[in-house]
1. Is it the case that residue 60 is surrounded by 16 or more Cβ atoms within 10 Å (Cβ to Cβ) and within 25 Å of residue 118 (Cα to Cα)?
2. Restricting attention to segment 241-276, report how many residues are touching a residue at least 60 places away in the same chain (Cβ under 8 Å) and of a type in the set (A, V, I, L, M, F, W, C).
3. Six or more apart or on different chains, Cβ atoms under 7 Å: show the pairs whose first residue is in segment 203-232 and loosely packed, with under 14 Cβ neighbours inside 10 Å and whose second is charged (D, E, K, R).
4. I need the full set of residues from segment 28-80 which are in contact with a strand residue (DSSP E or B) (Cβ under 7 Å, 6 or more places away or on another chain) and over 19 Å from residue 90 (Cβ atoms), in order please.
5. Provide a single number: the residues in segment 312-338 that are at pLDDT below 80 and either under 19 Å from the mean Cα position of the chain (by Cα) or not assigned by TED's automatic domain parsing to the domain that holds residue 352 (or both).
6. Could you grab me the full set of residues in segment 345-373 that are closer than 20 Å to residue 298 by Cβ, assigned to a helix (DSSP H, G or I) and not aliphatic (A, V, I, L, M)?
7. Can you pull out the helices (runs of 4 or more DSSP H) entirely within segment 12-131 that have at least 3 residues that are hydrophobic (A, V, I, L, M, F, W, C)?
Amino acid sequence: MNQLGVILLAAGQGTRMKSAVPKVLHSLGGKALFLHVLENARRLDPAIIAIVVGHAARRVQDACPVRDINWAIQEEQLGTGHAVLCAQDKFHEFAGDILILSGDVPLIQEQTLRAMIENQRSSRADLSFLTAQLDNPKGYGRILRNAQGAIAGIEDASVRALAKVQQVMPPRLRRRVEALRAATVPAVWSSGPTIDPEALTAVAQACRDEERIRFAYTAQSGEETARHVEPYRLVSLGRRWYLVAYDLVRLDWRIFRLDRLEKARSTALRFSPRELPAEDAAAYVRASLGHVSVTAHTVEVLVHAPATTVRPMVGQWATIEEIDEQRCHMRMTADNLDWPAHALGSLGAEFEVLGPPEMVAHLREWGARFIRGTET
């Protein structure tokens, strides 16, 4: 059985807390924040526990009642990756799994950590990281998932945090992590062209944040042009991804195939969305591709969950409208009903299909098949 090692990061100053007290020494329930994390870590029966301290190191050490701790000192505050690097000499002869924990996350639970470790080992993954769904994710780094739950990209603070940790990874593992986005864009239903996952991530983020983007685009003729657009919506149709956007050079609406799009980058300039000259983005794409024979389904569903919960999961590929605090309306267009079926199944919420009838029949067929699969 693999051994477990734990690195607990407790070197931060807590500047954003506007306090002279080290961040991990702030009290919760009469106990310092990092002691809650340490308590749960010890329940995992690790072979080694290393705590990285820096700012007010002696105060943190004095506050710890546990004596069998390997202390590592981060002399300079050079970030998360550097903090992990400071503990590497404690693991020279160690060949097991290493769990890295933040000392300022006191509500992390033992069962959560055990489930994460079990998943890491059973999947034989090189790297696992824990994510959470928040009603208001402002200020946090974000993991972008597609409708099937697979990771489609990492944005903002998450990218910076992962980049820091990559600094201390072995070269083989670092290469695998750098390929994360390329390896996690699914091609379950499509035999169409490959999409650059970084472009997909950048475009999806810009659509959501309403930020202008620039990219290189290759036309069917092979001509490459530089584009500057206001992205509106991503649409999947005819086994391809399309971006609907307002072209700021040509001063008109355009659609772009994502497999022909490269070097997408945000300009960080926000914009107010213009009125689309169509019922919705999917209708605009269908009208623009009138010569292409595709069968598109517009699926409308009443979801019994808050829009703030549903939108982060499928909002980049569907339109989510709030009905009230506990319900929302989801509209998704796809040429294959398997996709919205997967999306609905991943929500973990009750829902009612409003249309089309083909979607109702499709889900009934799926449900019957799943039930048959459980019968013995």
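The values are calculated or read from the model by the stated rules, or taken from the named source; none is laboratory data. Only a predicted model underlies this, so the values are computations on that prediction, with no experimental measurement involved. Glycine gets a Cβ as well: all are built from the backbone with ideal geometry, and neighbour counts include every protein chain shown.
1. Working: surrounded by 16 or more Cβ atoms within 10 Å (Cβ to Cβ): yes; within 25 Å of residue 118 (Cα to Cα): no.
The answer is no for residue 60.
2. Of the residues in segment 241-276, 4 are touching a residue at least 60 places away in the same chain (Cβ under 8 Å) and of a type in the set (A, V, I, L, M, F, W, C).
3. If the second residue must be charged (D, E, K, R), the pairs left are 226/214.
4. 36, 63, 77
5. 7
6. Of everything in segment 345-373, those that are closer than 20 Å to residue 298 by Cβ, assigned to a helix (DSSP H, G or I) and not aliphatic (A, V, I, L, M) turn out to be 345, 346, 357, 358, 362, 364, 365, 366.
7. On the way: elements: 33-42, 57-62, 80-85, 110-123.
The qualifying helices (runs of 4 or more DSSP H) are 33-42, 80-85, 110-123.
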